[in-house]
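The structure under discussion appears below in the form of structure tokens.
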Amino acid sequence: MDDNRELNIVTGAFGYSGKYITERLLARGMKVRTLTGHPNHPNPFGDKVEVAPFNFDNPDALAESLRGATTVYNTYWIRFERGDLTFNRAVRNVETLIDAARRAGVRRFVHISITYASADSPLPYFHGKGVIENFLRGAGIAHAIIRPAIIFGPEDILINNIAWSVRRFPLFAVPGDGEYRLQPVFVEDLADMLVNAGQEVENIERDAVGPEIFSFNQLIRTIARTLGRRIHLLHVPPTIALAFTSLFGLVMHDVMLTRDEIQGLSHNLLISHDPQTAPTHLSKWLARNAATLGVSYASELAKRA
Ligand SMILES: NC(=O)c1ccc[n+]([C@@H]2O[C@H](COP(=O)([O-])OP(=O)(O)OC[C@H]3O[C@@H](n4cnc5c(N)ncnc54)[C@H](OP(=O)(O)O)[C@@H]3O)[C@@H](O)[C@H]2O)c1
């Protein structure tokens, strides 16, 4: 094996977006090491990808695991707080990672954020992402900040579980009027953008959004039409929708939708005001994947076990 290959780090190479980033880096002849909270999970890349633990509590060991790398691709984040892993803790973890990358001599840090990340946001998810963006801008390391709105692909949770529900129930409870909009991006397009951003030299910040914008109502109807189902949308106050999905989550042993996610949606935070940056149409992808979409429920908590 060629030992002169450039070493890249991907956090979460066995996860959702991290898997696609890793595939692309390997295809470009890079050597990849992943940092993960599950170093003992089966490694789908075999000996093509080295594995190291996150080591957020041991910054020196973390920096050591980054030494020799030119670029870090960071997917690490949490969807919701659980136990002692709060959003503040996740922010500190990413700041520790950025600082370790700088100390280890990494040239470029490519970070996945979210549309409308802002330290001024009252929503913990968007606030935490905004705090990290500010930290990265001042960290003294070349960087790219890529902001997807909502990601779709075979391993997706939200769109898959909407389809799962549409396949089983004639009613769909929509938080509020459902006229708020979202602009999904295909996971493979996102991975292309990230890996291309890793090759650039200047600091860049870009939204990662596809060519279609749906209202939430349109999204549910598009999924139902694609699956050949009739669906009645029941518009309920967001608090009722949250109570309903929390109850449903208890039954499914999962967290289906969080308060942050409902508020992010209903405040139109999952779209971009910039031109589209990714080519794949969700509607066409849904049609191509109608046979498998929503057949099984995708559980976030089972994924994290
Ligand atoms: N999915 C979306 O629709 C969406 C939309 C906008 C922005 N984003 C952002 O895109 C990035 C990648 O998202 P993704 O869906 O591809 O993520 P993912 O694969 O589920 O997870 C990415 C990384 O975060 C770690 N992680 C996730 N949840 C965790 C938890 N509760 N506790 C500890 N570690 C956790 C994973 O650890 P392991 O390696 O141990 O699995 C993995 O290393 C994230 O920064 C996310 O905020 C996602």
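A short reminder: the numbers here are calculations on the coordinates, not readings from a lab. Small disclaimer: the values here were computed from a predicted structure and weren't measured. Here the Cβ is made from the backbone with ideal geometry for all residues, glycine too, and neighbour counts use every protein chain on show.
Just for the chain, what percent of DSSP beta bridges are antiparallel, to the closest 5? Kindly include the intermediate steps, with their values, before the conclusion.
Working: 3 of 40 bridges.
Around 10 percent of the beta bridges assigned by DSSP in the chain are antiparallel ones.
Which percent, to the nearest 5, of DSSP beta bridges fully inside segment 28-110 are antiparallel?
Numbers: 1 of 9 bridges.
Antiparallel bridges: around 10 percent, rounded to the nearest 5.
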Q) Roughly what would the spin-label model give for Q276 and E202, points 7 Å off Cα along C-beta, in nm? A) 2.5 nm
Q. Under a plain spin-label model, where a point goes 7 Å from the Cα along Cα-to-Cβ, how far apart in nm are D3 and R167?
A. 5.0 nm
Q | Per-residue HN-Hα couplings for segment 91-108 [Karplus 6.51, -1.76, 1.60; θ = phi - 60°; Hz; x = Gly/Pro] | A | 4, 4, 4, 5, 4, 4, 5, 4, 5, 5, 4, 4, 5, 7, x, 5, 7, 9
Q) Quick one: if you stick a label point 7 Å off each Cα along the C-beta vector at A27 and F244, how many nm between them? A) 4.0 nm
Q.
Can you compute the FRET efficiency between Y297 and L85 using 1/(1 + (r/R0)^6), with r the Cβ-Cβ distance and R0 = 22 Å? Round to the nearest 0.05.
A. 0.40
Q. Counting only residues 5 or more places away or on other chains, whose amide H sits under 5 Å from the amide H of R147 once H atoms are built in the peptide plane?
A. S113, R206, D207, A208
Q) How large is ³J(HN,Hα) for each residue in segment 56-66, as worked out from phi by the Karplus curve 6.51 cos²θ - 1.76 cosθ + 1.60 (θ = phi - 60°), to whole Hz, x for Gly and Pro? A) 4, 8, 9, x, 5, 5, 4, 4, 4, 6, 9
Q | Loop sites in segment 165-243: trypsin sites (Lys or Arg not before Pro), DSSP, at most 10 other Cβ within 10 Å | A | R230
Q. If amide H atoms are built 1.01 Å from N in the plane of the peptide, which residues on other chains or at least 5 residues away come under 5 Å of the amide H of V10?
A. R33, T34, L35, Y73
Q) Which of the aspartates and glutamates could be linked to K31 by a straight reach, that is with a Cα gap under 16 Å, when you skip same-chain ones fewer than 8 residues away? A) D2, D3, E6, E23, D47, E50
Q.
Tell me the relative contact order for segment 116-259 as a rounded percent, counting alpha carbon contacts under 8 Å between residues six or more apart.
A. 27 percent
Q: Take the alpha carbon atoms of the chain, find their radius of gyration, then divide it by 2.2 N^0.38 Å using N residues; give the quotient.
A: 1.00
Q: Please list, or write none, the lysines whose alpha carbon is within less than 25 Å of the alpha carbon of K303, excluding same-chain residues fewer than 8 places away.
A: K19, K48, K129
